[in-house]
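Quick one: structure below, then a few questions.
The values are calculated or read from the model by the stated rules, or taken from the named source; none is laboratory data. Please read these numbers as outputs of a predicted model, since none were measured by experiment. Here the Cβ positions follow ideal geometry from the backbone for every residue, glycine too, while neighbour counts run over all protein chains shown.
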Amino acid sequence: MDARLQAAFAALIGEQNVLTEPRDTAAYTTDWRKQYSARAECVLRPASTAQVAALVGLCAREGLAVVPQGGNTGLSGGSVPSGARREVVLSLSRLNRIRNIDALNDTLTAEAGCVLAEVQRAADAAGRLFALSLAAEGSCQIGGNLSTNAGGVNVLRYGNAREQVLGLEVVLPDGRVWDGLRALRKDNTGYDLKQLFLGAEGTLGVITAAVLKLHPKPAVRANAWIGLASPAHAVELLAHLRAHLDERISAFELVSRRCLEAVLAHDKAARDPLPRAHAWYVLAQFDQALEPETLAGAPQVEDAVLASSTAQSQALWRIREGIPEAQFANIKHDVSVPVSRVPELIARAEGALQAQFPGAPLYAFGHIGDGNIHFNVGDAALLARREEVNRVVYGVVAALGGSISAEHGLGQMKREEIRRHKAALEMELMRAVKRALDPQDLMNPGKVL
């Protein structure tokens, strides 16, 4: 980067917040799984919306592309440079203030760099619940969660990240600031502009703050680990429990035996919750007390254990949250189908994959309550055949009316693949929105479109 531009950045945010040395920028230019890495002119670390706006405006005038970045925990290469042009990484980590909590309105206003777990703790301290919860919550940031429309384990009851937002503050590609931080549940005054930026992966603007929905904190929570014979029994059990418990089921996570064994091998502190092996498991969370008879009376249940303490609940969730790291180097798929078709998805994908890649280990787990399954294939040796594997899995997903990206976003990984799955008109409309807001294609280029 030339000295003139570096000095201009330094004048806006301080020399110490303009990172140019490879030893300082490496963590920002390589993704979490080390699948994507490319050079950036520099890493910029602003501390306020005004500084973000000034930096983005300067980049627009210089024709320099901007890659917004939160905690850099994504799995699709969306938060790191693509290397196709001159880019800077815009780290939002210093925008980390909780600006306001309105317990009576059940809202919390947080800046984009707030770590998700800190937002959860702030809500809890106010006697409220912020429902978004996922395995990376100790390091992912709220801006990234919203930009990717993160899902997590509580979608079943509370919805995706998109459903947790009332208002946004966004820096547009020309450096102007849209102040849409409205804490209103009803606002019928034209287009709902915030929806353009939620799930857009930073390609339309930079989210700098958000008004988030809070919920009453459950007085009691119950967690159960349930052994089952098949995914079909898991879907049937969900219907059975919903009929008896109404909408008090907040999480319903499917885990294959292979996934459990991977965690037990990776995490020596983990323990198999049940005395004998089962082909499949569900980890369910209920926002109410649960009587053992409720599970015992379900014909699908082979065995189950109900956590009797916070420590036991944490041990169960440690298993579920440990699955991604326990089978780290393989070909990952984040797909969704209608809940009723999850068993068919798993059966058809497994059959097709074993026919084409005999003996490849398959890891199926995820949010069966909302139809989002993480279907991971093989080991490091199979990575070179990623496109072949993807075609098999995505072909089954398409045949079942599903989506190739349920909660991880498109990023770089699925940018080309999505063209095969969206109608031409849908892609045309997306490009039209991109051109209208970012005519120079400066915001996170090479991602999504």
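Is there any pair with a first residue in segment 1-29 that is touching a residue at least 12 places away in the same chain (Cβ under 8 Å) and a second that is surrounded by 11 or more Cβ atoms within 10 Å (Cβ to Cβ) and of a type in the set (Ser, Thr, Tyr) whose Cβ atoms are under 8 Å apart and which are 6 or more apart or on different chains, and what are they?
Taking only residues 6 or more apart or on different chains, the pairs are Met1/Thr20; Gln6/Thr20; Leu19/Thr25; Leu19/Tyr28; Tyr28/Ser91; Thr29/Ser37.
Kindly check whether there is at least one residue in segment 64-83 that is of a type outside the set (Asp, Glu) and over 27 Å from the mean Cα position of the chain (by Cα).
Yes, the conditions are met somewhere in segment 64-83.
If you don't mind, another one. May I ask you to list pairs of residues, at least six apart or on different chains, whose Cβ atoms are under 6 Å apart, with the first in segment 432-449 being assigned to a helix (DSSP H, G or I) and the second being at pLDDT 95 or above?
What qualifies is Leu437/Leu204.
Got a sec? Which strands (runs of 3 or more DSSP E) wholly within segment 206-305 have at least 3 residues that are farther than 30 Å from Leu442 by Cβ?
222-228, 249-256, 280-286
Working only within segment 99-140, note down all residues that are more than 21 Å from the chain's Cα centre (by Cα) and touching a residue at least 24 places away in the same chain (Cβ under 8 Å).
Arg99, Ile101, Asp102, Ala103, Asn105, Asp106, Thr107, Asp124, Ala126, Gly127, Arg128
Now for a separate question. Can you tell me how many residues in segment 306-331 are part of a loop (DSSP other than H, G, I, E, B) and either within 14 Å of Ala136 (Cβ to Cβ) or among the hydroxyl-bearing types (Ser, Thr, Tyr) (or both)?
3
Name the single residue that is surrounded by the most Cβ atoms within 10 Å (Cβ to Cβ) among those in segment 278-297 being in contact (Cβ under 8 Å) with a residue 40 or more places away in the chain and farther than 18 Å from Ser250 by Cβ.
Trp280
While we're looking at this one, here's another question. Hey, can you tell me all the residues within segment 273-309 that are at pLDDT 95 or above and β-branched (Val, Ile, Thr)?
Val282, Val301, Val305, listed by residue number.
With Leu228, Leu237, Leu260 as the choices, which residue is touching a helix residue (DSSP H, G or I) at 6+ places or on another chain (Cβ under 6 Å), surrounded by 17 or more Cβ atoms within 10 Å (Cβ to Cβ) and either outside the structural domain of Ala123 (by TED's automatic domain parsing) or without any contact (Cβ under 8 Å) to a residue 40 or more places away in the chain (or both)?
The conditions single out Leu228.
Kindly provide the set of residues from segment 328-343 that are crowded, with 17+ Cβ neighbours inside 10 Å, of a type outside the set (A, V, I, L, M, F, W, C) and more than 17 Å from the chain's Cα centre (by Cα), ordered by number.
Within segment 328-343, Asn330, Arg341, Pro343 meet the criteria.
Another question, then. Does Asp272 satisfy being more than 25 Å from Ala329 (Cα to Cα) and either surrounded by fewer than 21 Cβ atoms within 10 Å (Cβ to Cβ) or among the acidic types (Asp, Glu) (or both)?
no
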